[in-house]
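S.K.: The structure that follows is given in the form of structure tokens.
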Amino acid sequence: RGPRGRTRARGRGAGGPRVRLTPRGPAGWEITDGQTTILMDPYLSRLPYRAGFGLMDTPELPGDTRRVFGPDDDLVCDAAAVDARITRADFILHSHSHFNHTLDMPHIARKTGAIVIGTESTAVLARAGGVPEAQILTVHGGEDYEFGALSIKIIPSLHSALNGKHYYDGRVFPRDFRGPRRMDNDVEGGTLAYMLRFAGYKILWFGSMNYLEREVHGLRPDVALIAAARQRLEIHDYTGRLMRALDRPRLVFATHWDEQSLPFGAPQDTRLREADVFVKEVKAVSPRTRVVIPRHFEPHFLPR
């Protein structure tokens, strides 16, 4: 039996595969057991931007000579940055369609042959980026799909309350959209969360700082990847309500906590201080939970 009497699923334990979780972008992750590799919101381009994405321009960084993208500029995947970190994938899951979650997806899917799973807007972006139809699965939330050693429960969710709760985006990408992608035509397209049943673990992942409490109540994941940026503070008792609804998972990874348009390796001191507050919020309601603030590309192995 697992924690709190849960049945230990086949494959978990001393003889089972080791599961590795590695950050692959602001909300992005790679999860693998060495045989199957799942990516979630992989975004490594980290484009600098100004005026047009929420209220937050990229902070100035001495010596950063990268091109800065404005609202009318075509957004371009940094293929070299992606190729340096991603070599294989079997599945690519997307929480929503914003560029800082999906811009790199077509390149990765074409390169790896991975199955892309996401909303209709995400599917439109995949087609516009040249991903073959056979690799695209459109979901709405509520599906629970079996893929052999992996099963995926797709969970209806909500996007972060940006701009001091003034955020709203009810649009979807039209089916005939072919690009180019720009910040002035950036579309959320609805938001999803996902729970993976993989190698004997239940791993729950959120790609944005909000959720539907009724949809996650009773899921009881072993591991929760929880979006932890300061926009969570717009939501009443964000961390406490979520931890209680999930029955206080033993292991939590903070995700979507960093300044996502700064280059890898740039100082993240302000965002790390904010993430430390999230850790305290988790501990206040679940003292026994281990909380990890992962650094870029730092691998983490789940216990056998």
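S.K.: Highest GNM mean-square fluctuation, the chain, Cα pairs closer than 10 Å: which of 76, 116, 282?
M.R.: Among 76, 116, 282, the largest GNM mean-square fluctuation belongs to 76.
S.K.: With r defined as the distance between the Cβ atoms of residue 214 and residue 171 and R0 fixed at 25 Å, what FRET efficiency is calculated, to the nearest 0.05?
M.R.: The calculated FRET efficiency here is 0.50.
S.K.: A further question follows. Let a ≥ b ≥ c be the square roots of the eigenvalues of the Cα gyration tensor of region 100-259; is it rounded (a/c under 1.5), or, if not, prolate (a/b larger than b/c) or oblate?
M.R.: It comes out oblate by the Cα gyration axes.
S.K.: How much accessible area per residue does the chain have, counting only protein heavy atoms and a probe of 1.4 Å, in square angstrom?
M.R.: I get 43 Å² per residue for this part.
S.K.: Roughly what would the spin-label model give for residue 285 and residue 140, points 7 Å off Cα along C-beta, in nm?
M.R.: Rounded to a tenth, the inter-label distance reads 3.0 nm.
S.K.: Please build a GNM for the chain, connecting alpha carbons under 10 Å apart, and tell me which residue among 100, 210, 163 fluctuates the most.
M.R.: Of the options given, 163 has the highest mean-square fluctuation.
S.K.: To continue, here is another question. Suppose the chain between residue 250 and residue 35 were pulled fully straight at 0.36 nm per residue; how much longer would it get relative to their current alpha carbon spacing?
M.R.: Residue separation times 0.36 nm, minus the Cα-Cα distance, leaves 74.9 nm.
S.K.: How large is the accessible surface of residue 165 in square angstrom, using a 1.4 angstrom probe and rounding to the nearest 10?
M.R.: Accessible area of residue 165: about 130 Å².
S.K.: Rank 265, 179, 142 by mean-square fluctuation in a GNM of the chain with C-alpha springs under 10 angstrom and give only the top-ranked residue.
M.R.: Result for the chain, Cα springs under 10 Å: 265 fluctuates most.
S.K.: Leaving ligands, DNA and RNA out of it, work out the accessible area of residue 298 with a 1.4 Å probe and give it in Å² to the nearest 10.
M.R.: 70 Å²
S.K.: On the accessible surface of the chain, probed at 1.4 Å, how many percent belong to carbon and sulfur atoms?
M.R.: Looking at the chain in its full context, I get 51 percent from C and S.
S.K.: Mind checking the full-extension length gain between residue 230 and residue 66? Use 0.36 nm per residue of separation minus the Cα-Cα distance, one decimal, nm.
M.R.: Values: separation 164, 0.36 × 164 = 59.04 nm, distance 2.59 nm.
Fully extending the segment from residue 230 to residue 66 adds 56.5 nm.
S.K.: Once the convex hull of the C-alpha atoms of the chain is built, how many Å³ does it hold per residue, rounded to a whole number? Don't jump to the answer; show the numbers that get you there.
M.R.: Numbers: hull volume 37.8 nm³, N = 304.
It is 124 Å³ per residue.
S.K.: For residue 272 and residue 237, compute 0.36 nm times the residue count separating them, minus their Cα-Cα distance, and round to one decimal in nm. Walk me through the numbers before you get to the answer.
M.R.: On the way: separation 35, 0.36 × 35 = 12.60 nm, distance 2.03 nm.
Contour length minus Cα-Cα distance gives 10.6 nm.
The values are calculated or read from the model by the stated rules, or taken from the named source; none is laboratory data. Please read all numbers here as calculations on a predicted model, not as lab measurements. Methodologically, a virtual Cβ is constructed for each residue, glycine included, from the backbone with ideal geometry; neighbour enumeration extends over all protein chains shown. These accessible areas exclude ligands, DNA and RNA; they are computed on the full protein's heavy atoms, side chains included. Shrake-Rupley method; radii C 1.70, N 1.55, O 1.52, S 1.80 Å.
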